[in-house]
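Comments concern the structure below.
The values are calculated or read from the model by the stated rules, or taken from the named source; none is laboratory data. Here the structure is a predicted model, which means the values were calculated and not measured. Here Cβ is always computed from backbone atoms with ideal geometry, including for glycine, and neighbour counts include all displayed protein chains.
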Amino acid sequence: MNWYRIPTLQNQVCAPQQLNILTGLRKTIARNIRCHAFIALALAAIFFASEASAQAGTHFTVTINGAGQFTALLNDFLDIRKHESDTNLSVEELQRLVGSAPQQIRELLATEGYFSPAVASEIQQADGQQVVRLNIALGAPTEIGTIDIRFRGDIAEGPHADSERIERLRRLWLLQPGALFRQTTWNDAKNALLKDLLNHDYPAAKILQSEARIDPEKHAAVLSVELDSGPLFTFGSLQIQGLKRYSRTTIDPLNPIQPGEAYSQEKLTELQARLQDSGYFRSAFATIEVDPEHPHDVPVHLDLTENERRRLALGVGFSTDTGARLQVKWFDRSFFGGKDRLEAAIRVDRQSQLAGADLYLPALDNGWRPSLGTHFERTDIANEIDDKIRFDARVTSPMKADEKSYGVSYLAERDYVADAYPNNRQALIATATYTRRRVDNLISPHRGYVASLELSGGPKGIINEANIARVVGRVNWLSPVRSRWQLVARGEIGQVMGAGRDAVPSDLLFRTGGDQTVRGYAFNSLGISENGAIVGGRTLAIVSAELVYKLTPTWGAAVFQDAGNAADTWRGFRFKQGTGIGARWASPIGPVNIDLAYGHAVHQPRLHFSVGYGF
């Protein structure tokens with residue numbers, strides 16, 4: 001803007017010519033001021049209009065065509081999708097996102113084995129807003145061609161060479177010729193191969209080289225992997241830190257590791273599990289130092305945190321099966337002044353009152369753990385009232401992966417149903433149980449299975465009114481389906497043979513229904529109807545399938561279908577079904593499940609709440 005200097009006229013006398021010149025000058029100045037003021041106002045209006053436009057932002061939607069099953073993948077990771085709800089996005093930024101979208105799509109589809117897709121992007125106007133259309137032609141997927149897996153180190157050469165294991169690893173390779181190539185399966189295959197070496201014998205193993213050569217024209221992938229196992233490691237002596245209250249003799253019978261044997265991560269994990277299950281230790285961590293220069297007789301470092309000798313614990317809880325729960329537990333880890341461990345408890349909830357104690361004796365030289373137990377309980381479930389007493393003596397193997405248990409139990413009860421005369425029942429039985437655990441984590445598992453088989457029996461005699469035989473099988477299976485999906489399946493089947501149900505204590509019979517059995521029904525409400533009550537039957541079957549979608553790393557949504565029932569004979573058995581949806585939370589104490597299920601037999605919904613899996 002030009003500035004004009006106006007002369008001062010005070011105390012001066014001007015000639016007429018001077019006055020005319022001055023008057024013209026003033027008019028010129030006024031016109032310039034008005035002109036510049038108008039320009040300034042126009043510029044200000046344009047500036048504020050552009051600011052308002054920037055504040056309003058560019059509204060658009062994104063349409064993806066032709067991606068098929070990969071639409072969800074693109075929706076999750078495309079930058080333009082992440083900005084779809086951004087109200088402050090400028091036109092220039094939108095154009096940049098549209099321009100970069102095709103390359104991002106190609107990179108994302110390449111992880112799924114599509115290396116030559118045709119991608120076109122355009123912006124159109126529809127119903128007053130802009131529509132970004134991303135049109136995709138996937139083309140042919142890439143298939144696995146040849147595979148070259150090479151090994152170096154002790155597994156391939158020297159005195160510890162193991163050609164059989166090498167061939168087994170090659171057979172177990174996850175990507176076989178002809179299979180579709182995906183980046184995730186390629187990574188999983190390499191990790192599985194390396195993990196097998198790391199977990200057994202070769203904790204210093206590593207991948208030296210890996211390559212996936214893609215031929216976009218032939219839609220083929222040539223894979224090559226080279227691994228170095230490193231030296232074979234062997235265990236040395238056990239070095240313990242953290243012992244204060246307890247002696248080393250508490251640990252040695254539970255130690256599955258023998259000095260000189262080949263390294264195994266499972267043995268380290270088993271040692272930790274045994275010590276934590278013993279009740280004497282709050283935590284246990286077993287590790288070795290992985291030094292390829294010193295692989296033989298490597299010391300096992302065991303860091304322990306002990307539990308106090310005596311402790312009183314108070315607890316409250318809630319479940320939709322039994323309502324509010326109050327529990328008092330007393331722990332004495334030196335009951336007779338030695339290594340005998342007592343756990344006594346009193347528990348009260350809506351349907352039962354229990355008082356009992358278990359005495360765990362010191363582990364035997366082979367690691368097996370003997371124990372004794374006695375429990376008194378009163379239950380009021382589905383209009384059946386039972387006063388029970390139970391005595392158990394059992395011995396349990398130390399291996400958690402393949403756990404065995406043998407025991408003898410005496411059961412006696414007085415059973416009340418409506419106004420009928422009380423029924424007194426008792427039994428003396430021997431039980432053998434085998435449990436096989438193959439899961440990645442015992443607290444919060446993501447894959448694997450847990451299966452168990454229980455066999456019980458007792459002959460007719462002084463206590464048993466008739467021969468009693470009982471068999472129960474259970475299995476829980478978890479499997480990731482895709483990156484965000486998980487399948488949870490379970491099944492249970494049981495049969496009591498010999499004695500009729502009137503001569504068998506209720507703890508040996510079967511009822512079902514509830515949070516972790518057949519959802520959509522009240523706890524133990526499925527069984528045999530008798531005088532307005534639900535009592536146990538001699539046959540049981542339960543099947544369940546659940547599909548969980550992970551919304552976040554800790555939260556998920558589920559749909560499920562349960563079916564099960566209990567009856568007196570298989571001829572009279574009929575499945576009762578429950579269908580529902582649920583929420584899942586991966587909490588620090590295990591999976592938390594909130595389910596809403598519809599019981600088809602009762603024609604009404606029911607809310608369920610539970611923690612953990614029913615293994």
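Looking at the range 509-550, the strands (runs of 3 or more DSSP E) lying wholly inside it that each contain 1 or more residues that are over 22 Å from L455 (Cα atoms) and among the basic types (K, R) sit at 539-550.
Okay, residues lined up against (1) modelled with pLDDT of 95 or more; (2) assigned by TED's automatic domain parsing to the domain that holds L411; (3) buried (at least 22 other Cβ atoms within 10 Å of the Cβ):
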residue	(1), (2), (3)
G494	yes, yes, no
M497	yes, yes, no
G532	no, yes, no
I542	yes, yes, yes
R584	no, yes, yes
S587	no, yes, no
A597	yes, yes, yes
V602	yes, yes, no
R606	yes, yes, no
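Here G536 fulfils each of the conditions (1) surrounded by fewer than 20 Cβ atoms within 10 Å (Cβ to Cβ); (2) free of Cβ contacts under 8 Å to residues at least 40 places away in the same chain; (3) under 23 Å from A418 (Cα atoms) apart from (1).
Of all residues in the range 242-255, those satisfying the criterion of being surrounded by fewer than 16 Cβ atoms within 10 Å (Cβ to Cβ) and not basic (K, R) are G242, L243, S247, T249, D252. Candidates in the range 544-582 are the residues that are among the aromatic types (F, W, Y) and either at pLDDT below 95 or within 20 Å of Q486 (Cα to Cα) (or both); of these, the one that is surrounded by the most Cβ atoms within 10 Å (Cβ to Cβ) is F560. Considering the range 78-192, the qualifying helices (runs of 4 or more DSSP H), each wholly inside and each with 1 or more residues that are among the hydroxyl-bearing types (S, T, Y), run over 91-110, 163-171.
With respect to (1) crowded, with 17+ Cβ neighbours inside 10 Å; (2) touching a Leu at 6+ places or on another chain (Cβ under 6 Å), the lone exception for R369 is condition (2). Given the criteria touching a Leu at 6+ places or on another chain (Cβ under 9 Å) and surrounded by fewer than 17 Cβ atoms within 10 Å (Cβ to Cβ), does I389 qualify? Judged against the criteria, I389 is a match. Beta carbons closer than 8 Å, at least 6 apart along the sequence or on distinct chains, pair a first residue in the range 586-615 that is on the phi > 0 side of the Ramachandran plot and in a strand (DSSP E or B) with a second that is at pLDDT below 95 and of a type in the set (S, T, N, Q) for G590/S444.
A single member of A357, A401 is outside the structural domain of L275 (by TED's automatic domain parsing), aliphatic (A, V, I, L, M) and free of Cβ contacts under 8 Å to residues at least 24 places away in the same chain, and it is A357.
Being β-branched (V, I, T) and either more than 21 Å from L526 (Cβ to Cβ) or touching a His at 6+ places or on another chain (Cβ under 6 Å) (or both) is the requirement here; does I429 meet it? Taking the combined requirement at face value, the residue satisfies it.
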